[in-house]
Amino acid sequence: MSKHQNITDVLMVGATGSIGQFAVRAARRHGLRPRALVRDVGRAEQLLPDVELVQGDLEDSASLRRAVGEVDAIVLTHGSGGDSRSDARAHVDYGGVLNILRALDDARPRVALMTSVYATRSDIPGATPWKRRSERLLRASGLPYTIVRPGWFDHSGPTQRRLVLEQGGTADGGIARDQIAETLVRSLLTDTALGKTFELIATEGDEPSDWAELFGALKGDESGSVDGVLDPADLLVEAEPRTLRADLEAIRSVHGTSG
């Protein structure tokens, strides 16, 4: 993964969502040019004034190819939200990442993917492995990436601004939406965030002052592995359904990676 990548134009997927809107603002604040993938342009114009909009859908490959054209980076904050149906999570949480990666062909933008603090947890009621599977696709692609697993949205107080980045899937806690968005955008602009996966919560204290140091304290994901560096070994790739294993191989083939 190249660390020296100029980031200017950023595709925002999930831009009209509760995290996505904050991410668009964060991108603009850092001098980036956000491009929002939206299904309803009229609604998006009200939520995201003066932002470049591209009409499309995560299940429409032609619209995705238009959206990803000539972008330097992608921020993925889409999700199935409160829809707990397995098919919704498979189509949105997982399928959205799969279709974006397919649409890239040989382009190599930097990617910041938001999943969940419970992405690797099988002991949490209602948790499913689809976000973890989406992470695996991104790692298999070989693209430069950072994967952020935030805790409970807004389950934190106004003075809890100190960010805690953990690995291994045991973190639990809350974090403000604007903090999640800021972390995603900062990860695109900070070399020490490259190739890392972490859980993100907030505790009592001040905002970070040194993002390079914050990301730098983390372990990097192992080269060639489709799992995060300290992820539990309880969802074996070889035991996954054949279709999912085929997706991984197809993404590796498209992007010229191996392992």
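The values are calculated or read from the model by the stated rules, or taken from the named source; none is laboratory data. All values derive from a computational prediction rather than experimental measurement. When we count neighbours, we look across all protein chains shown, and the Cβ atoms used for this are built from the backbone with ideal geometry, even at glycine. Areas reflect the complete protein model, heavy atoms only, side chains present, ligands, DNA and RNA absent. Shrake-Rupley method; radii C 1.70, N 1.55, O 1.52, S 1.80 Å.
Within the range 108-128, the set of residues being at pLDDT 95 or above and open to solvent by 40 Å² or more (accessible area, probe 1.4 Å) comprises 108 only.
I'd like to know if the range 71-84 contains one or more residues that are more than 27 Å from residue 244 (Cα to Cα), touching a residue at least 60 places away in the same chain (Cβ under 8 Å) and within 18 Å of the chain's Cα centre (by Cα). Among the residues of the range 71-84, at least one is more than 27 Å from residue 244 (Cα to Cα), touching a residue at least 60 places away in the same chain (Cβ under 8 Å) and within 18 Å of the chain's Cα centre (by Cα), which makes the answer yes. Taking every residue in the range 156-175 that is at pLDDT below 90 and pairing it with any residue that is in a loop (DSSP other than H, G, I, E, B), at least 6 positions away or on another chain, the pairs with Cβ-Cβ distances below 6 Å are 156/176.
Do you know which of the residues in the range 36-62 that are part of a loop (DSSP other than H, G, I, E, B) and surrounded by 15 or more Cβ atoms within 10 Å (Cβ to Cβ) is nearest to the chain's Cα centre (by Cα)? Once the filter is applied, the top-ranked residue is 58.
Kindly establish whether residue 151 is in contact with a Gly (Cβ under 6 Å, 6 or more places away or on another chain), touching a residue at least 12 places away in the same chain (Cβ under 8 Å) and within 21 Å of residue 232 (Cβ to Cβ). Taking the combined requirement at face value, the residue satisfies it.
Here is the figure for the range 213-244: residues that are open to solvent by 90 Å² or more (accessible area, probe 1.4 Å) and part of a helix (DSSP H, G or I) total 4. Of the strands (runs of 3 or more DSSP E) lying entirely inside the range 116-211, those containing at least 2 residues that are of a type in the set (S, T, N, Q) are 196-203. For residue 9, indicate whether it is touching a Lys or Arg at 6+ places or on another chain (Cβ under 6 Å), at pLDDT 95 or above, farther than 22 Å from residue 178 by Cβ and open to solvent by 20 Å² or more (accessible area, probe 1.4 Å). Spelling it out, residue 9 is indeed touching a Lys or Arg at 6+ places or on another chain (Cβ under 6 Å), at pLDDT 95 or above, farther than 22 Å from residue 178 by Cβ and open to solvent by 20 Å² or more (accessible area, probe 1.4 Å). When each of 26, 15 is tested for being open to solvent by less than 40 Å² (accessible area, probe 1.4 Å), at pLDDT 95 or above and assigned to a loop (DSSP other than H, G, I, E, B), the lone residue that passes is 15. Residues of the range 101-115 that are touching a His at 6+ places or on another chain (Cβ under 9 Å) and part of a helix (DSSP H, G or I): 101, 104.
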